[in-house]
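I have placed the structure first, in the form of structure tokens, so that the comments after it can refer back to it.
The values are calculated or read from the model by the stated rules, or taken from the named source; none is laboratory data. Since the structure is predicted, the reported quantities are computational estimates derived from the model, not experimental observations. Glycine gets a Cβ as well: all are built from the backbone with ideal geometry, and neighbour counts include every protein chain shown.
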Amino acid sequence: MPDSMPALPATPDEATRQTRIRLTINDTPHDLSIAPRRTLLEVLREDLSLTGAKPGCEMGNCGACTVLLDGEAVYSCLVLAIECPGHTITTIEGLTRDGQLHPIQDTFVQYDALQCGFCTPGQVLALKSLLDRNPHPTDDEIDRGMAGNICRCGAYPKIRAAARALARQQP
Amino acid sequence: MSTPKTHLIGASLPRPDALGKVTGAARYPADLIRPGMLHLQLVFAQRPHARIVALDTSAAEGAPGVAAVLTAKDVPYNAHGLIDADQPALCGDVVRFEGDKVALVVAESKEQAEAAAKLVAVTYEDLPAVTDARAALAAGAPLVHAELGTNLLLHIPIRKGDTARAFAEAAVVLEGAFSTSWQEHAFLQPEAGIAYVDEQERVVIETAGQWLHEDRRQIAAMLQLPEEQVIVRYAAIGGAFGGREDLSMQHLLALAAWKLRRPVAMQWKREESMIAHHKRHPFDIRCRWGATREGRITAVEAEVIADGGAYASTSVEVTKVATLFASGCYEIPNISVDGYAVYTNNVPCGAFRGFGAPQAQFAAEIMVTRLAHALGMDPVELRRRNIYREGSLEPTQQPLPEGVSALPVLERCVEEARARLRYGEPRESDVPSAPHLRRGIGIACGIKNVGYSFGYQEQSTAKVHLYGKAELERAVVLIGAADVGQGAHLILRQIAAETLGIALEQVSMVTDDSGEAPNAGSASASRMTLMGGRAVHDAALAARAKWSAAEEYEAEAEVQFHPPATTPLDPMSGAGRPNYCYGYAAQAVEVEVNTLTGQVRVLRVISVHDVGRAINMQQVEGQIEGCLAQAVGYALLEDFQVRDGHVLTPYFSTYLLPTALDMPPEIVPVVLELADPNGPYGARGVAEMPLVPFAPAVAAAIHDATGVWLSQQPMTPERVLAALSAMNGQSTAG
């Protein structure tokens, strides 16, 4: 999460205990009325049917729920939705543009950097966050950058191979 | 089988389901939950052993949004299980482990279901719990299933030759005691699903699993419905590793949908999954090995005890596999092994990748290396002299199934280890700048059966429809085979396309509906490529022959493939033909031990496997690498702790899984293709084998680096440090 959060434009409604917020997700604004205690993961999945972010542990241990908040990979299970107005949220559904796979997605397919696929949206977004701030990571930087996303199928070597290939392609 | 020139066999084609997985479009069970569905919340026992004195659901029933609270009295036939039906869906009288279920709350929302579950009032009378497998066998131990009169679920002896005489004549006799712990599957997708009753009065369950038709069998039995009235469908499956072989919630979804006639949904939290589903068995193994001066291993005696937990699951089969492999992959003339599966009030144990083989061979492979050291012989040379060859007799006194590749696999491993790790060369100081970092190399072998064993009526069924005019235009393959991430659907499709001589795109697959696709058997025991693949292959050939012969534009054929029969083990001697196929593996591992912290880093792994024939080389490598990730966890990291029947590690914050940083920087998968006589294009299985030699290879490497032997899995820093300080204490004292 960024250090300086803007003042929340949230509007509490005492009668329903709901708060009205506007979230900008994948460049689209959504006006929502939600209970303040709900996580970004819950709101994405339950209110917006954006089910690409996965509930794997709901305690910030596994990374399956990773989304980008202002370009940084965050665990959406640890972020309250009411923290997010004013920020840019990107989910896996927002990575594909006009039916075209993002190069990271395409490379994951080519390199078979997945098995069951449950952690894959999180892996793809974690790698995007890494490559956006460090276009040419070393192997060690790749492993450290991806260490917050567990892959129980153990596709790690192929994820790393995909990351290396992407780093080579970057200018 | 003939292996003609092929265009698709071995090709590293990308998996078609990858597109949905990288875009987030793939729908896993929890993604199927829709507004308007009723939500289910279980009430767990949370105590290891107790009698239910009273169960009051009235407060929960009156809570906001609650549609029903189901208990044991609502279950038509309240017992299920893969082999023995000994586990209640909802407990009525006694709870036997903390993840036992006593009530199922059905409410309009998840929050309401959770709130109401807290209002279910259960009065328990705690009973003495038995939470140690050896203690459970003692006279007077508390009984987990009182009606059985014993906690012993299975005792299987294997007797071959005359061990007493062999030990008397052996030049070297060594004893060992080993223990292995539970392992949690930790598939990243926690159990979830939906169920409803359709317009044809069928109860439909959409979830994840490993075997559509077995789930259906158990659910139909519980609801006392004909199997055809139960439809099991699999969504995208978020990993399984054996952990979805037992029913977890599938039957409870069905029960609630059937009782309430409304769509229902359930999604377990991680801690519910950790506490409630079965685990890999902990084993306690005591053994004695004897060899001649010339390096012939002549005798093995072992006692192999598995803690099966509160319900039978597949403990009997896992224990038989461990008993069979207690002497590893070596032809030893005199064997006396006793395997025991025991009920306790711990979490039930069942299938997990390797299915008893990793535990047994942790002990066996360490003993072989220790024997070599005692004989002053290279550990590879001792293995070479004793390892299984074509025609070798198993401990069960029958020749091994044809296609024994243990020796070529070992030789290739040694060759690679010499070239890549400089195995066998004298080592200079390990890390000159850091004397507390010590490096070592270990080698171990492994064997694991492919497919079901011990007389099980093993089968796989596939149906192929063909359409075309002058040319074959397209094929539809129907086979109820679970793709748990291993890539089975692509493998089966490649086999079909190859066999029919058409492009992959001309073949479509129907795989995930028990009402449409025939029974492939489970996605387990490394069997789907061999069994499902062979059924698809044979059905494709049969359909093709009909299509060629007929004037019609359509043809179809269904084939049920049976591999060579196996037999049950003789209850007195263990004699019999246990398996129809084995996978052979050998690994060389280089580790770095930090002697100050006890931490072990795996630097390099060479993992050699005979896969018969790689259908998709990229996926074979993926299986080897992925299995090694779980092997790293099993050997070094994953410490599932249970005290007095309570799981102390129900979160990923306390049960640590390997991340990218725990992976060996260099993994070299080496694939040999020595055709299996029954597999399609010669293929056999590979999914479990890398887990078998890894932990003992790491133990040997730690010994090579430091001189200490670890005998408990996982080899955590605490245990490594304790072993080092014990050795140092001894050498100081001595």
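Things worth noting here:
- Scope region B:253-274; condition within 14 Å of chain A (Cβ to nearest Cβ) and either within 16 Å of B:Val105 (Cβ to Cβ) or in contact with a strand residue (DSSP E or B) (Cβ under 6 Å, 6 or more places away or on another chain) (or both); matching residues: B:Ala265, B:Met266, B:Gln267, B:Trp268, B:Lys269, B:Glu272
- Hits in region A:130-171 (condition: more than 9 Å from every other protein chain (Cβ to nearest Cβ), surrounded by 20 or more Cβ atoms within 10 Å (Cβ to Cβ) and small (Gly, Ala, Ser)): A:Ala162, A:Ala163
- Unique match (being hydroxyl-bearing (Ser, Thr, Tyr) and either closer than 22 Å to B:Phe241 by Cα or in contact (Cβ under 8 Å) with a residue 60 or more places away in the chain (or both)) among B:Ser508, B:Ser514: B:Ser514
- Single residue of region B:551-603 satisfying the filter (on the phi > 0 side of the Ramachandran plot and in contact with a helix residue (DSSP H, G or I) (Cβ under 9 Å, 6 or more places away or on another chain)) that is surrounded by the fewest Cβ atoms within 10 Å (Cβ to Cβ): B:Gly598
- For region B:373-419, the set of residues classified as buried (at least 19 other Cβ atoms within 10 Å of the Cβ), assigned to a loop (DSSP other than H, G, I, E, B) and touching an Asp or Glu at 6+ places or on another chain (Cβ under 7 Å) consists of B:Tyr388, B:Leu400, B:Gly403, B:Val404, B:Ser405, listed by residue number.
- Only listed residue being away from chain A (no Cβ under 14 Å) and either surrounded by fewer than 23 Cβ atoms within 10 Å (Cβ to Cβ) or at positive phi (or both), chosen from B:Gly487, B:Gly480, B:Gly468: B:Gly468
- Just one residue in the set B:Val22, B:Val69 is within 14 Å of chain A (Cβ to nearest Cβ) and among the hydrophobic types (A, V, I, L, M, F, W, C); that residue is B:Val22.
- Count of residues meeting criterion [hydroxyl-bearing (Ser, Thr, Tyr) and surrounded by 15 or more Cβ atoms within 10 Å (Cβ to Cβ)] in region B:420-431: 1
- Subset tally (residues that are more than 23 Å from B:Glu61 (Cα to Cα), in contact with a Leu (Cβ under 9 Å, 6 or more places away or on another chain) and either without any contact (Cβ under 8 Å) to a residue 24 or more places away in the chain or among the aliphatic types (A, V, I, L, M) (or both)) for region B:15-45: 7
- Top-ranked residue in region B:636-663 [being in a loop (DSSP other than H, G, I, E, B) and at the interface with chain A (Cβ under 9 Å from one of its Cβ atoms); ranked as nearest to B:Gln619 (Cα to Cα)]: B:Met663
- Considering region B:709-734, the residues that are over 19 Å from B:Pro282 (Cα atoms) and buried (at least 21 other Cβ atoms within 10 Å of the Cβ) include one that is nearest to the chain's Cα centre (by Cα), namely B:Val720.
- Residue match in region A:77-94 (condition: within 11 Å of chain B (Cβ to nearest Cβ), surrounded by fewer than 21 Cβ atoms within 10 Å (Cβ to Cβ) and under 21 Å from B:Leu19 (Cα atoms)): yes
Residue by residue, here is whether (1) surrounded by 17 or more Cβ atoms within 10 Å (Cβ to Cβ); (2) closer than 30 Å to B:Gly533 by Cβ holds:
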{"position": "B:His7", "(1), (2)": "no, yes"}
{"position": "B:Pro29", "(1), (2)": "yes, yes"}
{"position": "B:Met37", "(1), (2)": "yes, no"}
{"position": "B:Gln41", "(1), (2)": "yes, no"}
{"position": "B:Phe44", "(1), (2)": "yes, no"}
{"position": "B:Pro48", "(1), (2)": "yes, no"}
{"position": "B:Arg51", "(1), (2)": "no, no"}
{"position": "B:Thr71", "(1), (2)": "yes, no"}
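- Region B:21-48, residues that are touching a Lys or Arg at 6+ places or on another chain (Cβ under 6 Å) and not in a strand (DSSP E or B): none
- The sole residue among B:Glu473, B:Glu425, B:Glu458 that is over 20 Å from B:Val608 (Cα atoms), in contact with a Phe, Trp or Tyr (Cβ under 6 Å, 6 or more places away or on another chain) and assigned to a loop (DSSP other than H, G, I, E, B) is B:Glu458.
- Failed item in (1) surrounded by 14 or more Cβ atoms within 10 Å (Cβ to Cβ); (2) more than 31 Å from the chain's Cα centre (by Cα), with B:Leu174 passing the rest: (2)
- Considering residues of region B:86-136 that are surrounded by fewer than 18 Cβ atoms within 10 Å (Cβ to Cβ) and not in a loop (DSSP other than H, G, I, E, B) only, the residue modelled with the lowest pLDDT: B:Glu111
- Filter result for B:Glu516 (of a type in the set (Asp, Glu), farther than 28 Å from A:Gly154 by Cβ, in contact with a Ser or Thr (Cβ under 7 Å, 6 or more places away or on another chain) and modelled with pLDDT of 95 or more): no
- Look at (1) buried (at least 20 other Cβ atoms within 10 Å of the Cβ); (2) over 30 Å from B:Met274 (Cα atoms); (3) within 11 Å of chain B (Cβ to nearest Cβ) and you find that A:Ala53 fails only one, number (2).
- In summary, B:Pro680 fulfils each of the numbered conditions (1) more than 24 Å from B:Phe352 (Cβ to Cβ); (2) over 24 Å from the mean Cα position of the chain (by Cα) with the single exception of condition (2).
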